[in-house]
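*Asks:* Here it is, the structure, as structure tokens.
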Amino acid sequence: MNKNSKIALRKSRNASQKAYLKKSIRRNWDLYLLLLLPFAFLLVFNYYPMLGLQIAFKDYTASGGIWGSEFVGLDNFRKLFSIPKFTEVFLNTIRLSGYQILVEPAITLIFALLLNAIYSRSYRKTVQMISYMPHFISTVVMVGVLAQIFNTKIGLYGKVCDMIGVEAIDIWSEPKAFPHIYVWSLIWQNIGWNSIIYIAALASVDTDMYEAAEIDGANRFKQVLYIDLPSVLPTFVMLFILKIGSMMSIGYEQVLLMQNPLNLQSSEIISTYSYKVALVSGSDYSFGTAIGLFNSVINLVLIVMANKFSRRISDVSLW
């Protein structure tokens, strides 16, 4: 096939696709009309704000605005990479988010499998309800509760140490203890809520498979191992990829509330540092936006790499 024939074939395909699209729109105009509202929502609240990213390449001033401020190129990024604290903040973010990604999804999956394996419906529903409740506690309240629990004088931790005759160490201000307190409190708060999607996936498993397994002599543990786990594994992989994609964007609210001058060396992450730079100390919006953009680019690279790796070793991927 010569070049002209290929061009003609391509034009013919494009014309047929356009004709099919027009026919589909005319036939299903009501469905396309329903899409307008969410599409407009995405444009206004997700894509239009991206125009503000140009602040990262400018010396932003309130008088000049986004469009009138002086363009400085990559100066804000050079400033970011040159500050001595950047390495510490970046490594803290990697450690904290890596710890959370390695522990939280696996524990949530195990919890969902165990919950699904319970025969008693009423007991299972009770456990689900109890596990969901901490999710609806606000972050501020939860951090306040944790601060009281780990208080060395009036808290539960301090009282237990007094009872056994051991001097209470200030764990709340200990830099090495901060990642453990943060991650495990987050797991406690969200394990029930995050397990919903796994329980929904397990509910779609064909019951005939369990009956066949029982006939073959498989006990409940083997049913979980050879039926439940493979059934929910694709869902786990997709959620894990999404989790990696937000590795650099762990929620700053709880971290910020748990920070104090003593644990700052392990609790200062990119999101909290960006917040302090942009809004607290000096209101350097350009530098804060540069930090946020760097954070987003790293997340994009991570999710693409994780998806590519998953697609290479298995048949499960986001795209």
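*Asks:* Which one is least open to solvent (accessible area, probe 1.4 Å), of the residues in the range 241-262 that are closer than 22 Å to F77 by Cβ and in a helix (DSSP H, G or I)?
*Replies:* Filtering the range 241-262 for residues that are closer than 22 Å to F77 by Cβ and in a helix (DSSP H, G or I), the one least open to solvent (accessible area, probe 1.4 Å) comes out as G245.
*Asks:* Next question, about the same structure. Taking the range 252-277, which residues are among the aromatic types (F, W, Y) and free of Cβ contacts under 8 Å to residues at least 24 places away in the same chain?
*Replies:* Of everything in the range 252-277, those that are among the aromatic types (F, W, Y) and free of Cβ contacts under 8 Å to residues at least 24 places away in the same chain turn out to be Y252, Y275.
*Asks:* Give the range 57-83 a look and list any residue that's closer than 26 Å to L256 by Cβ and open to solvent by 60 Å² or more (accessible area, probe 1.4 Å), or say none.
*Replies:* Matches in the range 57-83: Y60, A62, K79, F81, S82.
*Asks:* Quick one: in the range 50-65, of everything that is modelled with pLDDT of 85 or more and assigned to a helix (DSSP H, G or I), which residue is farthest from the chain's Cα centre (by Cα)?
*Replies:* Looking at the filtered set, the residue picked out is F57.
*Asks:* In the range 41-56, which residues are touching a residue at least 40 places away in the same chain (Cβ under 8 Å) and surrounded by 16 or more Cβ atoms within 10 Å (Cβ to Cβ)?
*Replies:* If the condition is that a residue be touching a residue at least 40 places away in the same chain (Cβ under 8 Å) and surrounded by 16 or more Cβ atoms within 10 Å (Cβ to Cβ), then I55, A56 are the ones that fit.
*Asks:* If you don't mind, there's one more thing I want to ask. Please specify each residue of the range 263-313 satisfying the condition of being closer than 17 Å to Y60 by Cβ, open to solvent by 30 Å² or more (accessible area, probe 1.4 Å) and among the aromatic types (F, W, Y).
*Replies:* Across the range 263-313, the qualifying residues are Y275, Y285, F294.
*Asks:* Take the conditions aromatic (F, W, Y), under 25 Å from N92 (Cβ atoms) and open to solvent by less than 30 Å² (accessible area, probe 1.4 Å) and apply them to Y182. Does it pass?
*Replies:* Taking the combined requirement at face value, the residue satisfies it.
*Asks:* Just one of (1) within 30 Å of S267 (Cα to Cα); (2) open to solvent by less than 100 Å² (accessible area, probe 1.4 Å); (3) more than 25 Å from the chain's Cα centre (by Cα) trips up F86, so point out which.
*Replies:* (3)
*Asks:* Right, here's the next one. Please work out which one of (1) closer than 19 Å to Y182 by Cβ; (2) at pLDDT 85 or above; (3) of a type in the set (K, R) is the condition K276 fails and give its number.
*Replies:* Of everything listed in (1) closer than 19 Å to Y182 by Cβ; (2) at pLDDT 85 or above; (3) of a type in the set (K, R), K276 misses just condition (2).
*Asks:* Also, quick follow-up: Can you find, within the range 204-220, the residue that is surrounded by the most Cβ atoms within 10 Å (Cβ to Cβ) among those that are part of a helix (DSSP H, G or I), in contact (Cβ under 8 Å) with a residue 12 or more places away in the chain and of a type in the set (A, V, I, L, M, F, W, C)?
*Replies:* A213
The values are calculated or read from the model by the stated rules, or taken from the named source; none is laboratory data. Predicted, not measured: the structure shown is a model, and the values here were computed from it. As a convention, Cβ positions derive from the backbone with ideal geometry for all residues, glycine included, and neighbour counts pool all protein chains shown. To get the accessible areas, we keep the full protein, side chains included, count just its heavy atoms, and leave off ligands, DNA and RNA. Shrake-Rupley method; radii C 1.70, N 1.55, O 1.52, S 1.80 Å.
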